[in-house]
Amino acid sequence: MPSHRVPSEADVISTVEFNHTGELLATGDKGGRVVIFQREPESKNAPHSQGEYDVYSTFQSHEPEFDYLKSLEIEEKINKIKWLPQQNAAHSLLSTNDKTIKLWKITERDKRPEGYNLKDEEGKLKDLSTVTSLQVPVLKPMDLMVEVSPRRVFANGHTYHINSISVNSDCETYMSADDLRINLWHLAVTDRSFNIVDIKPANMEDLTEVITASEFHPHHCNLFVYSSSKGSLRLCDMRAAALCDKHAKLFEEPEDPSNRSFFSEITSSVSDVKFSHSGRYMLTRDYLTVKVWDLNMEARPIETYQVHDYLRSKLCSLYENDCIFDKFECAWNGSDSVIMTGAYNNFFRMFDRNTKRDVTLEASRESSKPRAVLKPRRVCVGGKRRRDDVSVDSLDFGKKILHTAWHPAENVIAIAATNNLYIFQDKVNSEMH
């Protein structure tokens, strides 16, 4: 669904998230807006074709604010969106900027009451002396209205910028993480949260690492993981203690001396961590690789995939233009057999864990035409070039795919490329369309 106008900074998509059924897809942007897309039902003319995603609702979630105590502007950019499991006809989601988390309720209305006894058609109170008989109000059909209402605002829980939120499998609590602390909230209580991780040293000069991402286990409500800028993962158990500073397990790969470089500390920082749907594995993304970890094996990842190994020789210029600090996300498919993550030049990568095959695909205007087949792309580092190969020197580092999401059950993926949202789906065969 690419838009054809010059993107403003406010239109840049900053997060993408499917709900638990995959029928709804939410995006947040740097302008503080949330756009929800809904999948249309299958058409009767073409019963096997899945419905397209169309805009369902758009609302302003956050506004820019100013912290007068710290003389800091708090930007409206949506950092993360998380859907709550559906309990009734309404949908609910959490959205957060750097400081404030909000709970939104999305409801539909397609009927309106008519025939009030005490009000006229315009809603004004009637003169009671004119009311001589009673009538029963009736519900009349009307055009569908999607109403989005703010239910709760969770503020003042974080000194530093919030980088992740995660809803617990108990459906009652969620956690939010910033650079140094993780807080546990009850969805019904806004005025207090419980600090469950605090890595802030007594003296800030002793600070050696920050929290980069965190997530609850999909099935065990007492377990959560958080990743650090040093490349480690800590699995914590809330049953062990109220403050989970002592982790239950530490997942860390010993450094390979042959790969050591001046930039190793920056490139090893974990930018995203995701539990598999089964709960058995964790997926992490750092600057150059994605890794799969088994919860039962802390010493090293069981799988490591190179996302763009051809950039190793370019780290110096990537450091100078700040790209080396880009935070790429990663995603599992519904069966945990394929993983996906973004790269530069509007490329994104997929790795099949069973066949060990990988592919580079491009999110572009050409590939977003209806029923266009995505062609695999190749980056060459010199030497012989095939006709469609892209030279590593011609990659556009301004076009980066940081945010991706995979439908929980089907081969439908959402790719955010700057201000464009691309949705590709698999049609029977194994190619992505």
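The values are calculated or read from the model by the stated rules, or taken from the named source; none is laboratory data. No experiment lies behind these values; they were computed from the predicted model shown. Using ideal geometry, Cβ is built from the backbone for each residue, glycine included, and neighbour counts are taken over all protein chains shown. These accessible areas exclude ligands, DNA and RNA; they are computed on the full protein's heavy atoms, side chains included. Shrake-Rupley method; radii C 1.70, N 1.55, O 1.52, S 1.80 Å.
Would you point out which residue out of LEU311, LEU315 is in contact with a Phe, Trp or Tyr (Cβ under 6 Å, 6 or more places away or on another chain) and in a helix (DSSP H, G or I)?
LEU315
Quick one: ILE302 ticks every box in (1) surrounded by fewer than 22 Cβ atoms within 10 Å (Cβ to Cβ); (2) in contact with an Asp or Glu (Cβ under 8 Å, 6 or more places away or on another chain); (3) closer than 20 Å to ALA405 by Cβ bar one, so which box is it?
It fails just one condition, (3).
Is there a residue in region 277-296 that is open to solvent by less than 20 Å² (accessible area, probe 1.4 Å), touching a residue at least 60 places away in the same chain (Cβ under 8 Å) and touching a Cys at 6+ places or on another chain (Cβ under 7 Å)?
yes
Looking at TYR160 and the list (1) at pLDDT below 95; (2) under 30 Å from MET238 (Cβ atoms); (3) open to solvent by less than 40 Å² (accessible area, probe 1.4 Å), which single condition is not satisfied?
Every condition holds for TYR160 apart from (3).
Quick one: in region 50-66, which of the residues that are assigned to a loop (DSSP other than H, G, I, E, B), touching a strand residue (DSSP E or B) at 6+ places or on another chain (Cβ under 9 Å) and open to solvent by 40 Å² or more (accessible area, probe 1.4 Å) is modelled with the lowest pLDDT?
Selected residue: GLN50.
Just one of (1) in contact (Cβ under 8 Å) with a residue 60 or more places away in the chain; (2) outside any strand (DSSP E or B); (3) among the hydrophobic types (A, V, I, L, M, F, W, C) trips up LEU69, so point out which.
The one condition LEU69 does not meet is (1).
Checking ARG152 against (1) out of contact with any Ser or Thr (no Cβ under 6 Å at 6 or more places or on another chain); (2) at negative phi; (3) open to solvent by 70 Å² or more (accessible area, probe 1.4 Å), only one condition comes out false. Which one?
Here ARG152 meets the rest and fails (1).
When the residues of region 412-428 are narrowed to those that are touching a Ser or Thr at 6+ places or on another chain (Cβ under 9 Å) and not in a strand (DSSP E or B), which ends up surrounded by the fewest Cβ atoms within 10 Å (Cβ to Cβ)?
It comes out as LYS427.
Could you list all residues from region 99-119 that are open to solvent by 20 Å² or more (accessible area, probe 1.4 Å), part of a loop (DSSP other than H, G, I, E, B) and under 17 Å from MET175 (Cα atoms)?
Listed by number, the list holds a single entry, LYS99.
I need the full set of residues from region 343-397 which are part of a strand (DSSP E or B) and of a type in the set (D, E, K, R), in order please. It would help to see each step written out before you state the result.
Step one: of region 343-397, the residues part of a strand (DSSP E or B) are 344, 347-352, 358-362, 379-380, 390-391.
Selection gives ARG349, ASP352, ASP358, GLU362.
Please go through region 100-121 and give me each residue that is at pLDDT below 95 and out of contact with any Leu (no Cβ under 9 Å at 6 or more places or on another chain), ordered by number.
THR107, GLY115, TYR116, ASP120, GLU121
Look at THR267 and say whether it is open to solvent by less than 40 Å² (accessible area, probe 1.4 Å), without any contact (Cβ under 8 Å) to a residue 24 or more places away in the chain and more than 21 Å from THR15 (Cβ to Cβ).
Criteria not met by THR267.
Please find, among PRO7, PRO47, the residue that is modelled with pLDDT under 90, within 27 Å of ASP326 (Cβ to Cβ) and not in a strand (DSSP E or B).
PRO7
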